[in-house]
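S.K.: A single structure is presented below for examination.
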Amino acid sequence: MVLELTDAQSAFLAEVTAFAAAEVAPRAAAIDETGEFPVGVMRAAAAHGLLGMTVPKAWGGLGLDYVSYGVAIEAISRASATVGVSLVVHHSLVADLLAHAGRARQKDEWLRRLASGEALAAFALSEPDAGTDAANQQTRAERTSHGYRIIGRKVWVANADAASVAIVFACTRPGLRGQGVTAFLVPMDTPGITRTARADSLGVRGLGCMDLDFDIEVTDEQVLGSVDQGFRLAMWALQGGRVGVAAQALGIGEAAIAEAIAFAKVRQTFGQPIAKYEAVQWMLADVATELEAARMLMWKAADAKDRQERSRVESSMAKLAASEAAHRASDKAMQIMASAGYRRGSTIERLFRDVRATEIYQGTSEAQRMIIAQGILAAR
């Protein structure tokens, strides 16, 4: 057992860290302040191959393993949680799924464009009554002479503001829940799609979240995978997505610790830096340990994603541990910084808002506990 990155993984991490410091971190505050989707940053990421990290080389990507992808998402998220999770949606939820289940023609049309950054992707699964209960799809796909008519509404669709294509899930066999859902590959300029901006969110602002209303016609060639097997594909994609969110959370948590340490070394009370007080040291020690433990779970889940068809429990453990550890890290960092961190516009204030989403999207912490419990009960 080797719990270290390979030379190739370390070299790639160094490249991404340098990119994040130079291109992402200087724009993070503005992304949060304006709430505008960071098109310029995403173009810069594309120029470095970062929109095709997990895409096979045969389709124009870097063909990297999932551990490399995970450490890259962590490094980018340390600079900007928004850019980090936008890349997670693009890679784990769409590009990976297209590479896994797409037909050759679909890959020719879209996968190369996604890898190059010519196109950005969105994942339209959530609905007003289908969040944690994602099998409860109310968007329906009705058979027509040439394909399907999709009618319904999707909510909180990340990247939708700038996306060129989306994977859209719809019910094709009413009453069968997850056994009657089909995935469709839908260009976002298809007539009949209405985009509505979401109400402003607490954190991870600038993610391009939109609500999407559909009344569109699609062909049989736009079915991704097999008819009625879309829910299985969504769950497969979320295994990778949860590794990505775990990495995103770790990046936020590490950024929070860095802020707290820098502050604790210069802030003085009673004639000495507060970093010398055990109360502060113990807070830092606890959160650093929790983040490191969560990182090992993220690496394990990333490795499992590469080697196994199902890595459901591993990815849920990673997301649960990392998101909750990062939440505690940002909370303790704000406690250490006190009024300096509590003010609007401080870096830790942004991190404190951003991290909360990691315990919600792509499956709440409660949902992760359910998945983990089901897995361990079935195995023992």
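Throughout, read-outs are computed from the coordinates displayed, never taken from laboratory work. No experiment lies behind these values; they were computed from the predicted model shown. Glycine also receives a Cβ, built like all others from the backbone with ideal geometry; neighbour counts cover every protein chain displayed.
S.K.: For Ala378 and Asp220 in the same chain, what is the full-extension length gain: residue separation times 0.36 nm, less their Cα-Cα distance, in nm?
M.R.: Going from the current span to full extension adds 53.1 nm.
S.K.: Return the calculated 222 nm mean residue ellipticity for the chain, to the nearest 500 deg cm²/dmol, obtained by summing -39500 (n - 2.57) across DSSP H runs with n ≥ 4 and dividing by the residue count.
M.R.: Computed ellipticity for the chain at 222 nm equals -16000 deg cm²/dmol.
S.K.: Less than 20 Å from a label point 7 Å out along the Cα-to-Cβ axis of Thr269: which backbone N atoms in the stretch 294-331 qualify, by residue?
M.R.: Residues passing the 20 Å test: 329-331.
S.K.: Stokes-Einstein at 20 °C, 1.002 mPa s, Kirkwood radius from Cα pairs: D for the stretch 122-230 in µm² s⁻¹?
M.R.: Here the translational diffusion coefficient equals 155 µm²/s.
S.K.: Could you give me D for the chain, from Stokes-Einstein at 10 °C and 1.306 mPa s, where the hydrodynamic radius is the Kirkwood radius over C-alpha pairs? Units µm² s⁻¹, please.
M.R.: Calculated translational D: 75 µm²/s.
S.K.: Might you report the magnitude of the Cβ-based charge dipole of the stretch 1-116 about its Cα centre, with Lys and Arg at +1 and Asp and Glu at -1, to the nearest 20 debye?
M.R.: Roughly 500 debye for the stretch 1-116.
S.K.: In debye, nearest 20, what is the charge dipole magnitude of the chain about its Cα centre with +1 on Lys and Arg Cβ and -1 on Asp and Glu Cβ, if you could check?
M.R.: The calculation lands at about 320 debye.
S.K.: State the answer as a single residue: which of His100, Met42, Leu238 lies farthest towards the positive end of the charge dipole of the chain, with beta carbon charges of +1 for Lys and Arg and -1 for Asp and Glu, about the Cα centre.
M.R.: Most positive-ward Cα: Leu238.
S.K.: Okay, moving on. Which order, highest average first, do 305-315, 99-109 follow once you tally other Cβ atoms within 10 Å for each residue and take the mean per peptide?
M.R.: Taking the mean over residues of other Cβ atoms within 10 Å, the ranking is 305-315, 99-109.
S.K.: To the nearest 10 degrees, how steep is helix 365-379 against the longest Cα principal axis of the chain, on a 0 to 90 scale?
M.R.: 70 degrees
S.K.: Show me 254-266, 162-174 ranked by packing, highest mean number of other Cβ atoms within 10 Å first.
M.R.: 162-174, 254-266
S.K.: Percent antiparallel among DSSP beta bridges with both residues in the chain, to the nearest 5?
M.R.: DSSP beta bridges in the chain are roughly 85 percent antiparallel.
S.K.: Taking the alpha-carbon centroid of each part, what is the distance from the stretch 221-259 to the stretch 71-125 in angstrom?
M.R.: Spelled out, the Cα-based centre of one part sits 10 Å from the other.
S.K.: Could you give me the percent of Cα pairs per 10 Å distance bin for the stretch 237-379, shortest bin first, beginning at zero and ending with the bin that holds the maximum distance?
M.R.: Distribution as computed: 13, 38, 27, 15, 6, 1 percent.
S.K.: Which cross-chain or sequence-distant (5 or more) residues have an amide H under 5 Å from the amide H of Val155, H modelled 1.01 Å from N in plane?
M.R.: Ser126, Glu127, Leu212
S.K.: Could you give P(r) for the stretch 7-120, binned at 5 Å from zero, as whole percent values over all Cα-Cα pairs?
M.R.: 2, 13, 24, 24, 18, 11, 6, 2, 0
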